[in-house]
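Every number in this text was worked out from the coordinates using simple rules, so none of it is lab data. Predicted model only: the values in this text are computed from it and were never measured. Glycine also receives a Cβ, built like all others from the backbone with ideal geometry; neighbour counts cover every protein chain displayed.
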Amino acid sequence: MIPGLWPGIFLTGSACHAAFLYLAAVMSKEIVVSGIRSTGYLHLGNYFGAMRNYVRMQDDFNCYFFVADYHALTTHPDPKLLRENVYRVVAENVACGLDPEKVALYAQSDIPEIPELYLMLNMLAYKGELEKVPTFKDKVRSQPDNVNAGLLTYPVLMTADILIHKGVKVPVGKDQEQHVEMARNFANRFNSRYGETFPEPYPFNYSDQLIKIPSLDGAGKMSKSENVNATIYLADDDDLIRKKVMKAKTDAGPTEHNSEMPDYIQNIFQLMNLVSSPETTETFKAAYNGCTIRYGDMKKQLAEDMVNFVRPIREKSMALQQNPSQIAKILKEGAEKARESSSKTIADARKKIGINYY
Ligand code: ADP
Ligand code: TRP
């Protein structure tokens, strides 16, 4: 074999072969992109819908994960709180197992190529289609005094986030499925107008379905800003977790063997499935089917398993938040990695559009 020059050293024989295999593996890794808004404390919905996948994906894919701080501006947060919120999202991601050495972990606002691509994509996005998006319609209903243009073009910014790295896999919860579908449409629209530039992105979850973590009161999903008393946050202390779980909605229990479960009981089983051992869940399922279940006992068990699940994440996150210079370093290094990829994409998009004057 001809000696190879990689990276800056001479390699011969099998070393050369191994190096090329490594390079080929890195280059062939699929690109993953996902973001979380810095709008509050992260919760089990964020964890099981998004972050658990991030952590598993970091070894197998080329990953870009970011704090969507521009997206958070739609609700005009207090400037004094922005940094604290961004830092906490970073700390909570790392506490959940994300390794900033393996992925690019950065703030959306550190990548100027994102708003540039957003502007280009806005010219291909139509008012009518944006007004029909259910999340936009929800916001129009819930905040009629603040229906700003950023809210309307929210899915376009999200598309720019993904396409700026030519991402193909987007780990998100069920609520984001339609936004990713729009990103796919915008990618295709750009390609058919200007020539093949972007791959089609798809939502991703390791199981075959996207996840929605329900709130403990049986109404809606766990969320950063709604259902706060029925949402378990990664920063909640042990007693607060116990209190919230014990208040979860139940009833007097089934009266017929193997009867169908009401939604709110299914929700409790779903949460148990995520944090308890399979044997524990099976025991309570058998008790449900045999009409001997005691929901008080089930919730006590779930509360303890939940406490044991959340505690190490909370402690690690709190320790990291005590060290803001480390978080700043993570963000800076993450932005450098992300800009390397985004500058290539934006140069390609400009050229395809014809912005190429000298
Ligand atoms: P939130 O909706 O809590 O404000 P974000 O909008 O920033 O959180 O969402 C970040 C990620 O967490 C997205 O991938 C979203 O789909 C996911 N997610 C949020 N809430 C849930 C939930 N209850 N169940 C599953 N995934 C969720
Ligand atoms: N819109 C997402 C949410 O509200 C957050 C987000 C912004 C995102 N940009 C993204 C998710 C790009 C995946 C990819 O949850």
Residue identified as within 15 Å of ligand 2 (Cβ to nearest atom), among the basic types (Lys, Arg), assigned to a loop (DSSP other than H, G, I, E, B) and under 25 Å from Arg350 (Cα atoms) among Lys212, Lys166: Lys166
Hits in segment 106-132 - residues which are out of contact with any Phe, Trp or Tyr (no Cβ under 8 Å at 6 or more places or on another chain) and farther than 26 Å from Arg339 by Cα: Tyr126, Lys127, Gly128, Glu129, Glu131, Lys132
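For (1) without any contact (Cβ under 8 Å) to a residue 12 or more places away in the chain; (2) among the charged types (D, E, K, R); (3) closer than 26 Å to Glu92 by Cβ, each residue gets a yes or a no:
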{"site": "Val180", "(1), (2), (3)": "no, no, yes"}
{"site": "Arg193", "(1), (2), (3)": "no, yes, no"}
{"site": "Lys224", "(1), (2), (3)": "no, yes, yes"}
{"site": "Arg242", "(1), (2), (3)": "no, yes, yes"}
Count of residues meeting criterion [of a type outside the set (A, V, I, L, M) and surrounded by 14 or more Cβ atoms within 10 Å (Cβ to Cβ)] in segment 288-299: 4
Extreme residue, nearest to ligand 1 (Cβ to nearest atom), among residues of segment 160-203 that are of a type in the set (Phe, Trp, Tyr) and buried (at least 20 other Cβ atoms within 10 Å of the Cβ): Phe186
Lone unmet requirement of (1) among the aliphatic types (A, V, I, L, M); (2) closer than 24 Å to Asn46 by Cβ; (3) touching a residue at least 12 places away in the same chain (Cβ under 8 Å) for Met120: (2)
Selection count where residues are within 9 Å of the chain's Cα centre (by Cα) and more than 9 Å from ligand 2 (Cβ to nearest atom), scope segment 23-47: 1
Residue in segment 147-160 that is nearest to ligand 2 (Cβ to nearest atom), counting only those that are in a helix (DSSP H, G or I) and farther than 17 Å from Asn191 by Cα: Met158
Residue selected from segment 181-209 under the condition over 16 Å from the mean Cα position of the chain (by Cα) and in a loop (DSSP other than H, G, I, E, B), by the criterion farthest from ligand 2 (Cβ to nearest atom): Gly195
Qualifying positions in segment 221-231 - assigned to a loop (DSSP other than H, G, I, E, B) and either aromatic (Phe, Trp, Tyr) or under 14 Å from Gln270 (Cβ atoms) (or both): Met222
